[in-house]
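Structure first, commentary second.
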Ligand code: SF4
Ligand code: SF4
Ligand code: SF4
Ligand code: FES
């Protein structure tokens, strides 16, 4: 057996779905262990930060970091791994674009408001009669001081914090991509085969429509927006044609269109935008707005009617930026002056 | 007299055939207006991608106007019909982001409406004056100040 | 300048008289078809009446918005020589070889030096009356008539000028020239097109209305200026006496029309609609206005007009009262106006209004009559150019054509159609000289700048004092020098002057510049000039970017130099940011098949084919049925032409004889690929099923319309009930009316109802023609015409008058009381409510004639799908623009003529056929065509054929093509107009609009706010 590469698989603020994806490579997992040693991971092996700190700089061949940069620990870990690794990989949508957690940035009032919602008495789902909230520092009755990491004010993609070499987008990344990528790193180390250019996103250049087999109409004109549960979904027809918002048109391909092909569910956008647009959410918004219910009486259309047409889109921010708000042109809510 | 740097700034994105021409006419007619708007021209309002509006706000614009031909007047037949849908959607999203809806407007101004162009600029500018600088611009200015201090 | 040639030579140039919309359109098409144009205009600027209008009916389009791009194209076209302040005195020669003498009157300003900056107008101390604002506003003795004027050059009105030399002193360009002299010129031209337009009837001649005495009685064209945002009251509706907002306005129709006593027996054809439009627009200015229009008949005969009229009543609450007002009385204190009139039921009414608008008719001016005289042309008794019904564009002198209101009152689309049609006619006369007189400039080869680091030169203009008085030009220049990639920055007195162009050229060479920024005035007028300078300096013309620091800065911030200067700096920075990203663009040259396909073998199709063939290009004419003729086969007689069948025969003879025309009957269009210049139509023989692919550069759709088959009034059940066409046949065959004592005609059968909202336009005139003929055959026959409005518009009014003189009885009904047909003892009776007599009449009918309307050809839908052109909701083809592109489709290269467009009279169909031919000729008379430069462009590595962009394109320029196994979007360069709608919609970033890429626009936005956040 040839030389092994050293991998770190690190979790930041994550749902652990990315770990599942790695485990999902099934029998191949053993093959993975053949070519790679996992030298640091909070999930797969019993390693501690001290172990990591002791490693020489650049010791790790590649660190795959999944999860978003929610708190100072996540940030610390990212910085530490950067020092210790040759290649830093933003693994999964959270790490690459902020992911779903970055929608928290859209809460006006920031962390204060979020904590109020999560721990506050007035939210229906919360049972917290004492009104306990997490504290950064807490003295135990025995006098020891315990600390919890402080939350960051805003979630940003990992590359806003450290230099990132590669991106494996997705929620989670496609199993096949993971395999190819790790394989490529291995053969680079062992055989000197070239790696993709720095900064590359390990997915397609095109959008999901490329992989999606659904049949598209001659010309789009969405007469009514439907939520997926509201209609009988035709498994053959493009979702947009059925009035179901599908982000496939604005999302990078590479996932194999599993949702639209196998799941009979529209694309939610977890592979992020293509390389040529400024912002996934705004691109999708523009595309959808462009094909929304063109009528035969545009000349006499009233403002009310227009408003009704667009009001069919529930929660544009959440819909168009589900995975990428942290990476958006404007990536946090603001509080503006009232006149 | 020196220029006042802390005046709110308005970015106008307009089509070539109607609103730009209307602005030209306002100029020819010497209608006087506040100085704090800057107009960027595209051929049709339909070229004005919502990305660009977001970008303007993100870069610190205190107000943004998207302007084109009246319905039925678009030089390219139907561009403004497409644009007004995108803009309406964008307005919904800007509200979610928290940018005051008063900072953003979609206007139809024809080539012969120099007066309307002037009135729009006056009224919008007054409106933005009342709102003051955008929170994003304030933040950017603070950041730049910090950088400057760090530099010194 | 005089060019001399041998007398047998065919000149490739055309004289166009008149710079209104007709003259402009015909000139633009002539140049496109390969001819040089001399455009002679009597006033100092081109634009005509349309430049004065506010909105146009029936779409309420802004008039100047749609006209001004055409003005600019005319002004910048090097093959159109605009000669203003001039008149034609004499024309000698023959078609193909004329000599025209013209007088050019002095302007007292040198057009080569004047930059149109308008400084002189501000300083001139003399106020006089503006003709353009119809006397409602003042102007100066040195003036530019309106801001968009072409040429944008001042003129001194020597009658008003006091010679104080103020203008001469303030003009830094030294353009004022008091010594200017009248000049005579002789032009060699192959044909002459007259489009001198009309003048309004002078309402003061009808003294009973008090025009000129009562301040609140104004003419409709004055009111048009009142409505206009750039008019005397900046678009506020105010009444002249006290500047108050009127509450009640009355329009009085037919002032100087349908009035034999005033010497104007004809109908002016446009007033009903413009009054309606004015009333609608007033409502948009003054929401609680009460508008009343006093009419005789509402003549809403055009496409979409009836619907407009209905909306005017139902949505805008406009009241139409059928009465001719005898006089207007004024309260001398309040200046309110009282109308006393007889209502339709005979009762006397009095009503007071704040403002009265006189809807004045159209007539030929004395100056134009003199022109006709100079040219030896015959005029009709109404004072219009005499034309032939089957040859509506030719005057009495061969080689001299007419377009627009000079041959009879008409609206803008009719004028435009005639203008284009005239270009085809003139083109046929000059065909041998085509392309011989065009100037084409030679340019040095373009330096390749791709991949080079940008080296930008910034040129900042003082515009005399226009910019420099407010903006600190030197400060802006110094600032520009600090911007990245700026190599030089200079300031110039007039950046657009000839000598500055040389300076810019020199600077480009000396400094090795590869991008240029000009900070001056609006790119809408000046960009072409600087693009030209770049080309002459060996740079791609699209490497220039302008910053508008005049219209958008110095002129509107005159009191605030510091902030204006700040703004100018910002605008220059933004322009530099874009300039840094500019890439050379090219107008691609696309090959053209120099032949055409005409679909439809009726009057329109045959005439279009003939006009194309007369210009020397091959045509394939296909006809669905087995024989040529279309609807003309059924027509026998019209008011104007005694024997239609003879006309048809001669037409078929000419078409079949012409060697350039290939006629294929029993043939339809089966399929189509390709685009403008290189269509590949597949023709299908309906008899054999055989298919054949041909090539054509342009396509004319002339598929006609059908006659409505009545479903009521016992049609088909009783042999005495006939349609007008059936009746016409009987009349001509001589067995029509001999025995009929009483003939009843019912109008609007199948028109103006729920099934067909539109008016069929032709039935009133047909009814009048047949009524007259019936009366001629048997004067004792009673002929009743039961009508809603008699719509004998234009000169057709004469035949209506004749019918009344002959004793034809006209009875009006309204849609709530439709006539009823009853059969009693085997006899037919028609029961109708007579609003005048206020009784129900029961009229015996030995013959009942139904004026059944026109229905769209049911094939339109399929043809439309194949051609990718739209059909309106009535089922007629939808043209690209109601006013200015009546025979075009949004899709280039496909043109429209005849009843496929909407119901038409034969003369109108013929003009349209020539127009469709004229437009087709602009494509096929060249062997290549140029694409736009700033078009859309697909990045095929990114595009995945998501199809979002497809419906964006109004011109169907985007299609999908195969690249390997995959599909990608593809932009047809021949069709894209560069609006950018697709680029903004494309969610993958694959689609870009060249010249306005996301990167370029984003960099401008970055730059615009750079200083603000510091
Ligand atoms: S369903 Fe979604 S991914 Fe599939 S073709 Fe339609 S838009 Fe594209
Ligand atoms: S919208 Fe963009 S990605 Fe979609 S087909 Fe058009 S160019 Fe291609
Ligand atoms: S830029 Fe406009 S005209 Fe050109 S392809 Fe796109 S939508 Fe069509
Ligand atoms: S050209 Fe003005 S909106 Fe399209």
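Structure above, values below:
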read-out: When residues of region C:530-566 are limited to those that are in contact (Cβ under 8 Å) with a residue 40 or more places away in the chain and under 15 Å from residue C:461 (Cα atoms), the one farthest from the other protein chains (Cβ to nearest Cβ); value: C:549
read-out: Subset of region C:959-996 that is assigned to a loop (DSSP other than H, G, I, E, B), under 30 Å from residue B:36 (Cβ atoms) and in contact with a strand residue (DSSP E or B) (Cβ under 9 Å, 6 or more places away or on another chain) - its residue that is nearest to ligand 2 (Cβ to nearest atom); value: C:980
read-out: Single unsatisfied condition, residue B:38 versus (1) more than 7 Å from every other protein chain (Cβ to nearest Cβ); (2) outside any helix (DSSP H, G or I); (3) in contact with a strand residue (DSSP E or B) (Cβ under 7 Å, 6 or more places away or on another chain); value: (1)
read-out: Residue list for region C:62-79, restricted to those being buried (at least 22 other Cβ atoms within 10 Å of the Cβ) and within 22 Å of residue C:111 (Cα to Cα); value: C:68, C:71, C:74
read-out: Residue B:100 being at the interface with another protein chain (Cβ under 7 Å from one of its Cβ atoms) and touching a strand residue (DSSP E or B) at 6+ places or on another chain (Cβ under 6 Å); value: no
read-out: Candidates C:447, C:495, filtered to the one that is in contact with a strand residue (DSSP E or B) (Cβ under 6 Å, 6 or more places away or on another chain), part of a loop (DSSP other than H, G, I, E, B), modelled with pLDDT under 95 and not assigned by TED's automatic domain parsing to the domain that holds residue C:901; value: C:495
read-out: Residue tally, condition in contact with a helix residue (DSSP H, G or I) (Cβ under 9 Å, 6 or more places away or on another chain) and at pLDDT 90 or above, over region C:863-878; value: 4
read-out: Residue count, region B:48-68 (criterion: touching a strand residue (DSSP E or B) at 6+ places or on another chain (Cβ under 6 Å) and either within 16 Å of ligand 3 (Cβ to nearest atom) or in a helix (DSSP H, G or I) (or both)); value: 4
read-out: Test: residue in region C:572-582 that is more than 35 Å from the chain's Cα centre (by Cα), facing chain B (nearest Cβ under 10 Å) and either outside any helix (DSSP H, G or I) or farther than 25 Å from residue C:513 by Cα (or both); value: no
read-out: Positions within region A:199-210 being in contact with a helix residue (DSSP H, G or I) (Cβ under 8 Å, 6 or more places away or on another chain), part of a loop (DSSP other than H, G, I, E, B) and facing chain C (nearest Cβ under 9 Å), in sequence order; value: A:204
read-out: From C:923, C:1008, C:938, C:1013, residue being closer than 21 Å to residue B:44 by Cβ and away from ligand 3 (no atom under 14 Å from the Cβ); value: C:1008
read-out: Selection status of residue C:912, over 30 Å from residue A:211 (Cβ atoms), within 13 Å of chain A (Cβ to nearest Cβ), more than 16 Å from ligand 1 (Cβ to nearest atom) and touching a helix residue (DSSP H, G or I) at 6+ places or on another chain (Cβ under 6 Å); value: no
read-out: Residue in region A:195-214 that is within 30 Å of residue B:82 (Cα to Cα) and more than 16 Å from ligand 2 (Cβ to nearest atom) present; value: yes
read-out: Qualifying residue in region C:210-229 (condition: out of contact with any strand residue (DSSP E or B) (no Cβ under 8 Å at 6 or more places or on another chain), within 30 Å of residue C:10 (Cβ to Cβ) and crowded, with 20+ Cβ neighbours inside 10 Å); value: no
read-out: Selection count where residues are surrounded by 24 or more Cβ atoms within 10 Å (Cβ to Cβ) and within 11 Å of ligand 1 (Cβ to nearest atom), scope region A:246-259; value: 7
read-out: Residue within region C:992-1003 that is more than 30 Å from residue B:6 (Cβ to Cβ), in contact with a helix residue (DSSP H, G or I) (Cβ under 7 Å, 6 or more places away or on another chain), within 16 Å of ligand 1 (Cβ to nearest atom) and at the interface with chain A (Cβ under 9 Å from one of its Cβ atoms) present; value: no
read-out: Among (1) away from ligand 2 (no atom under 16 Å from the Cβ); (2) within 14 Å of chain C (Cβ to nearest Cβ), the one test that residue A:186 misses; value: (2)
read-out: Residue satisfying condition, being farther than 20 Å from residue C:42 by Cα, touching a helix residue (DSSP H, G or I) at 6+ places or on another chain (Cβ under 8 Å) and either buried (at least 17 other Cβ atoms within 10 Å of the Cβ) or in the same structural domain as residue C:637 (by TED's automatic domain parsing) (or both), within set C:309, C:389, C:341; value: C:309
read-out: Qualifying residue in region C:941-948 (condition: closer than 22 Å to residue C:679 by Cβ and within 16 Å of ligand 3 (Cβ to nearest atom)); value: no
read-out: Region B:81-94 residues that are more than 7 Å from chain A (Cβ to nearest Cβ), paired with ones that are at pLDDT 95 or above and buried (at least 24 other Cβ atoms within 10 Å of the Cβ) (beta carbon under 6 Å, 6 or more apart); value: B:83/B:45; B:83/B:46; B:87/B:66
read-out: Condition broken by residue B:45, with the remaining ones in (1) more than 7 Å from every other protein chain (Cβ to nearest Cβ); (2) more than 16 Å from ligand 3 (Cβ to nearest atom) satisfied; value: (2)
read-out: Residues that are free of Cβ contacts under 8 Å to residues at least 60 places away in the same chain, in contact with a helix residue (DSSP H, G or I) (Cβ under 9 Å, 6 or more places away or on another chain) and more than 12 Å from ligand 1 (Cβ to nearest atom), drawn from region A:211-231; value: A:218, A:219, A:226, A:231
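Yes/no per residue for (1) within 16 Å of ligand 1 (Cβ to nearest atom); (2) under 18 Å from residue C:867 (Cα atoms); (3) assigned by TED's automatic domain parsing to the domain that holds residue C:304:
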site	(1), (2), (3)
C:891	no, yes, no
C:958	no, yes, no
C:965	no, no, no
C:985	yes, no, no
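To keep it simple, each residue is scored yes or no on (1) surrounded by fewer than 24 Cβ atoms within 10 Å (Cβ to Cβ); (2) more than 8 Å from chain C (Cβ to nearest Cβ).
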site	(1), (2)
B:22	no, yes
B:26	no, no
B:55	no, no
B:62	no, yes
B:73	yes, no
B:76	no, no
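Rundown of residues vs (1) free of Cβ contacts under 8 Å to residues at least 60 places away in the same chain; (2) crowded, with 24+ Cβ neighbours inside 10 Å, yes/no style:
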residue	(1), (2)
C:374	no, no
C:379	yes, no
C:410	no, yes
C:445	no, no
C:449	no, no
C:456	no, yes
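The values are calculated or read from the model by the stated rules, or taken from the named source; none is laboratory data. Note that the structure is predicted; figures quoted are calculated from it, not measured. As a convention, Cβ positions derive from the backbone with ideal geometry for all residues, glycine included, and neighbour counts pool all protein chains shown.
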